[in-house]
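The values are calculated or read from the model by the stated rules, or taken from the named source; none is laboratory data. The shown structure was predicted, so the numbers you read here are calculated from the model rather than taken from an experiment. A quick note on method: Cβ atoms are made from the backbone with ideal geometry, for glycine too, and the neighbour counts reach across all protein chains shown. Keep in mind that these areas ignore ligands, DNA and RNA; they rest on the heavy atoms of the full protein, side chains included. Shrake-Rupley method; radii C 1.70, N 1.55, O 1.52, S 1.80 Å.
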Amino acid sequence: MDTGTHVVMGIALGGLATLDPVVAGSHATAVSVLIGTIAGSQIPDIDTVLKLRNNAIYIRNHRGVTHSIPAVILWPLLIIAVIYPFFLGANLLHLWAWTFAAVFIHVFVDIFNAYGTQALRPFSSKWVALGVINTFDPIIFTIHIIGIFIWMLGAKPGVTFLVMYAVIILYYVRRYLAKNSVLKEVKKLIPDATEVIIAPTMRFHQWRIAAMNKEQFFVGKSVNNQVEILDRFIRIPVPKTPVIEAAKKDNNLSAFLSFSPVYRWEVDEYTDFYEVRFIDLRYRSNGHYPFVAVVQLDRDLQPISSYTGWVFSEKKLRKKLSIIPS
């Protein structure tokens, strides 16, 4: 989920913790638990700072080790080691338990996004992504805001957030059923599909679709359970040419390939350089595919420049590559 949603989730969990008699009976414990749940709801995303280095490192590592099983165990210990000295009267066990719950819930809800996490590390490096909830879901965020507002008006936070979470659980179930319904419609249109990726959007009844069979890629959308195929591309295996093999050694393209399961590729030859482009087919927006990896190589197949990430126009891409093709 996005940062804002994780913040309100941390606040809500801190309110829910007042159902715990030990928390409710101690001001020091209640305050420290609230701080712990807010911090615990944020800390797995500390790897966002990798964006400051470059997109390739961020794409390859975001929601990786920081969302792993060892991290889920270690983050609460680190947080309470910082908090507890300021609240020596707090119950250490209950502070740890609620902070651990916040960290665990952060990682757990991220699994429901299309991006997913490597939550099974170190036992598996596979990305676990259920694709049921968008990274930012306005309904989930709004429900949390309403719950916090009701708490501010004087309602009992424990009961308020217990009811809120019951509603959210039902919402998750509804989204899961809606995705399965879209999947059935896709299989009616593409009965020989070998893989179907359905990704949520911020709109409740709208989904992105990327699918493939042995011959083609299909890109589409579903609105109100009506599936429409928008683009089709012939599946052409990536050849092992010297140009492409050299491009694959670039960090940006390597990161893209580690992240993207459905893509098409292009190779353009100019007067004094080659350009290799890989295009992710999952994120079609207004007829454009904004998530790409581009590598430019000179005639000796040495890298000139490269980029991976989101670009919504060719002009902006050229600016990022800092080169104008001849």
Notebook entry, point to check: Long-range amide H contacts for ASN91: which residues qualify at under 5 Å (H placed 1.01 Å from N, peptide plane, sequence gap of 5 or more or a different chain)?
Noted result: THR29
Notebook entry, point to check: Where the centre of each part is set by its Cα atoms, how far does the stretch 107-142 sit from the stretch 158-236, in angstrom?
Noted result: 15 Å
Checklist line | Two-site label geometry, LEU19 and THR271: point separation in nm, points 7 Å out along Cα→Cβ | finding: 7.1 nm
Margin query: Which of rounded, prolate or oblate describes the stretch 163-259 when judged by the alpha-carbon gyration tensor and an a/c cut-off of 1.5?
Written below: oblate
Margin query: Computing the accessible area with a 1.4 Å probe over protein heavy atoms, can you report the carbon and sulfur percentage for the stretch 185-240?
Written below: 49 percent
Notebook entry, point to check: For the stretch 229-243, in order, what is each residue's ³J(HN,Hα) by Karplus, 6.51 cos²θ - 1.76 cosθ + 1.60 with θ = phi - 60°, in whole Hz (x at glycine and Pro)?
Noted result: 8, 9, 9, 10, 9, 5, 6, 10, x, 5, x, 9, 8, x, 5
Checklist line | Principal-axis tilt of helix 69-83 within the chain, Cα atoms, nearest 10 degrees | finding: 50 degrees
Note to self: Counting other C-beta atoms within 10 Å, and keeping those with at most 16, which DSSP coil trypsin sites (Lys or Arg not before Pro) do you find in the stretch 260-326?
What the structure shows: ARG299
Item checked: At 1.306 mPa s and 10 °C, Stokes D of the stretch 1-108 from Kirkwood alpha-carbon radius, µm² per second -> 113 µm²/s
Checklist line | Acute angle (nearest 10 degrees) that the helix 138-152 long axis makes with the longest principal axis of the chain, alpha-carbon atoms | finding: 20 degrees
Item checked: Those chymotrypsin sites (Phe, Trp or Tyr not before Pro) in the stretch 148-205 that DSSP places in a loop and that have at most 16 other beta carbons within 10 Å -> PHE204
Notebook entry, point to check: aspartates and glutamates within cross-link reach of LYS214: Cα-Cα under 17 Å, excluding same-chain residues under 8 positions apart?
Noted result: ASP192, GLU195, ASP231
Check: Applying the Karplus parametrisation 6.51 cos²θ - 1.76 cosθ + 1.60 with θ = phi - 60° to the phi angles of the stretch 275-292, what ³J(HN,Hα) value in whole Hz is obtained for each residue in order, glycine and proline being reported as x?
Finding: 10, 10, 10, 10, 10, 6, 8, 7, 10, 4, 9, 6, x, 10, 10, x, 9, 9
Next item on the list: Just list whichever of LYS248/LYS316; LYS126/LYS315; LYS51/LYS316; LYS184/LYS315 have alpha carbons separated by over 30 Å in the model shown.
Entry: LYS126/LYS315; LYS184/LYS315
Next item on the list: At 0.36 nm per residue, minus the direct Cα-Cα distance, what do LYS214 and THR201 gain on full extension? Give it in nm, one decimal, please.
Entry: 2.0 nm
Check: Under 5 Å between amide H atoms, partner at least 5 residues away or on a different chain: which partners does PHE273 have, H built in plane at 1.01 Å?
Finding: none
Check: According to a simple spin-label model (label point 7 Å from Cα along Cα-to-Cβ), what is the distance in nm between SER181 and ASP231?
Finding: 2.8 nm
Check: If you line up the long axis of helix 157-189 against the longest principal axis of the chain, both from Cα atoms, how many degrees apart are they, to the nearest 10?
Finding: 20 degrees
Checklist line | Among THR241, THR201, THR29, residue whose mean-square fluctuation peaks in a GNM of the chain (springs only between Cα atoms under 10 Å) | finding: THR241
Check: Which distance in nm do the two modelled labels at ASN54 and VAL173 give, with both placed 7 Å along the Cα-to-Cβ direction?
Finding: 4.8 nm
Next item on the list: Compute the accessible area per residue over the stretch 179-322, keeping the other protein chains in place, probe 1.4 Å, unit Å².
Entry: 54 Å²
Notebook entry, point to check: Which Rg and Dmax, in Å, describe the Cα atoms of the stretch 106-232?
Noted result: 17.6, 61
Item checked: Filtered GluC sites (Glu not before Pro), the stretch 143-217: DSSP coil and at most 12 other beta carbons within 10 Å -> GLU215
Checklist line | Sites LYS248 and LYS316, calculated FRET efficiency, Cβ-Cβ separation with R0 22 Å, nearest 0.05 | finding: 0.35
